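A short reminder: the numbers here are calculations on the coordinates, not readings from a lab. Computed from a predicted model, the values in this text were never measured in an experiment. Using ideal geometry, Cβ is built from the backbone for each residue, glycine included, and neighbour counts are taken over all protein chains shown.
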Amino acid sequence: MVNSATVELVVSAVKVFIVVNVILLMVMVMILAERRISAFIQDRYGPNRVGPFGILQPIADGIKFLFKEDVIPYHVDRFLYLLAPAVILVPSLMTFAIVPFGSSFSFYWGDTPVHVRLQIADLNIGILYFVGIASLAVYGLVIGGYASNNKYSMFGGLRSSAQMISYEIPMGLAIVSVVMLTGSLRLSDIVADQQHMWNVVRQPLGFLIFLVAAFAETNRLPFDLPEAEQELVGGYHTEYSSMKFSAFFIAEYANMITSSALITTLFFGGYHVPFGILEALNLPVAWEVVVHVLSFSIKTAFFLFVYLWVRWTLPRFRYDQLMNLGWKSLLPLSLVNVVLTGIGIAIF
Amino acid sequence: MVATALFYIFAAIATAGAIMVVAQRNPVYSALYLVLTLFALAGEYVLLMAHFIAIVHVAVYAGAIVVLFLFVIMLLNVRLEERAPDAFRYMIYAGLPMAAILFVEMGYFAFRGFQQAMVQGTRVGLVESIGRALFSQYVLPFEVASILLLVAMIGALYLSKRKLEIVAFKRPRSKKERLKVMMYEEEH
């Protein structure tokens, strides 16, 4: 006889292990995808020599990073310099904990019934957890920029803090309008609410605002001003080498994965399959779970592709344009959206 | 059992962090220790089942306000304390009694409210209960607080805008304007 607390602990541990490893694996896939898709968009070949179609390229990159000399410049603030890559990785891996990546299933362990929900933590505060933890991501960049003791890095850090604070507000308001529709902060409720109609249909403006803000929050082009290779020589990570440098990259890709997963969850029905296809197929329950996870993965993968597509298509914003867009366009728009949502709820 | 252990761990981190905030010479380090303290406090809130307060604490204080602190510190490059380590030595005579008074005061009220809080404290900090209280019993104070914030924001905007008007990037057209610019330049 297994006691239920132990079962819960083991189930949680297994889920955490799988999710973290899948994210890190996806980071590798994304690095390859980024290089191949950028090559495709620019009419080049891209890396295609290591393994078939170049699929072993990320492993080669990883080995290269591990064996590079780890230089710590003498003018840096040593403690903070070493802290920054660690600080930046933590929130980017923590935020995925609330995303429901599939429905739930049950089985027997000995004779104890075990119910597994495919979500690490179904918190009462739900989406607020994401808002809170994601707002900490800025510390990694700021600390890195400051500790490098280099004016370009410093500018990168300052830009990132201004940018992330500016875009958190429209993002939060876009989330508010979704929460208003659902009446719950729990992501499992938000997903369940979208079984018949995705939120993107009811919240097109909210979706656009969230998408733009998500690009700014992850420091991706067209909002990658904190790095801006041409002006800042890489920005906050200029002074980093070897695995520390790659920690910044892993964090950026992990953030992209979490953002895509959240866009899917909040606006595109999470793990639900559209148009009642799943009901029509009449599959056994076990297969339904697999289809749900697959549906979630495909939608998330699509938004990851959108990230790459936009990066290699659009030019970078100027700093004043970025701030104008955030404060003068997105913020009023998101407020209007909240009001419209309120009116909509009152009418229907 | 686990909760008690966690309470002491978070309490130790919060206290140590708070001491480091004042003990550090470098203001950037102070701000970062403040983040650590805020985090430990958020942990305590979670232990009290006040999930909403905990996450708002992290999102607002750690995620926004201290980032702004850091922003200002880095922009202004505040090195006063480093350059003149003894400049604030008289602060200790004012600061210590104030700290003692605050400690006794808060300790007294915390002790008095302790029993009561133990009984009813389990559901106070959840989203549902806070939302219900804010939009029924406390709706007026809530709205007044928002107006207060709005007024403060407008005030800040006004104060920062006034100088920009005088040094606008255009040639002074009239004598009066030229005088104004000259006076401004003399002042600064």
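Here are the numbers for this structure:
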quantity	calculated
Rounded tilt (10° steps) of A:57-67 against the dominant C-alpha axis of chain A	50 degrees
Point-to-point label distance, residue A:180-residue B:140, nm (Cα→Cβ direction, 7 Å offset)	2.7 nm
Residue B:4/residue A:3 FRET efficiency (R0 30 Å; Cβ-Cβ; nearest 0.05)	0.90
Gap separating the Cα centres of region A:173-191 and region B:1-51, nearest whole Å	31 Å
Cα gyration tensor category, rounded, prolate or oblate, for region A:220-348 with a/c compared to 1.5	oblate
Helix A:137-147 axis, angle to chain A major axis (alpha carbon atoms, nearest 10°)	10 degrees
Average other protein chain Cβ within 10 Å of Cβ, residues B:22-33	2
Computed E for residue A:90/residue B:176 - FRET, C-beta separation, R0 45 angstrom, nearest 0.05	0.15
Tensor-based shape of region A:34-143 (alpha-carbon gyration tensor, a/c under 1.5 rounded, otherwise prolate or oblate)	oblate
Label point 7 Å beyond Cα of residue A:336 along Cβ direction - residues of region A:188-216 with amide nitrogen under 16 Å	A:203-210
Radius, Kirkwood style, for region A:141-220 when every pair of distinct Cα atoms is counted (Å)	14.3 Å
Cβ-based exposure ranking for A:262, B:41, A:333, in which fewest neighbours within 10 Å come first	A:333, B:41, A:262
Difference of contour (0.36 nm per residue) and Cα-Cα distance, residue A:11 to residue A:151	45.7 nm
Whether region A:235-304 is rounded, prolate or oblate, judged on the alpha carbon gyration tensor where a/c under 1.5 counts as rounded	prolate
Rg and Dmax of chain A, Cα atoms only, in Å	21.3, 65
Neighbourhood net charge (13 Å Cβ-Cβ; Lys/Arg +1, Asp/Glu -1) for residue A:133	-2
Dipole in debye (nearest 20) - region A:129-265, about Cα centre, beta carbon charges: Lys, Arg +1; Asp, Glu -1	140 debye
Estimated distance in nm for a label pair at residue B:129 and residue A:285, the labels positioned 7 Å out from Cα along Cα-to-Cβ	3.6 nm
For B:61-67, mean number of other protein chain Cβ atoms within 10 Å	6
Burial ordering of A:148, B:160, fewest other beta-carbon atoms within 10 Å first	B:160, A:148
Simple Cβ-charge dipole of the protein assembly as shown, Lys/Arg +1 and Asp/Glu -1, about Cα centre, in debye nearest 20	1440 debye
Net charge, residue A:188 excluded, C-beta distance under 9 Å - Lys, Arg +1, Asp, Glu -1	0
Shielding by other protein chains, A:129-142, mean Cβ within 10 Å	5
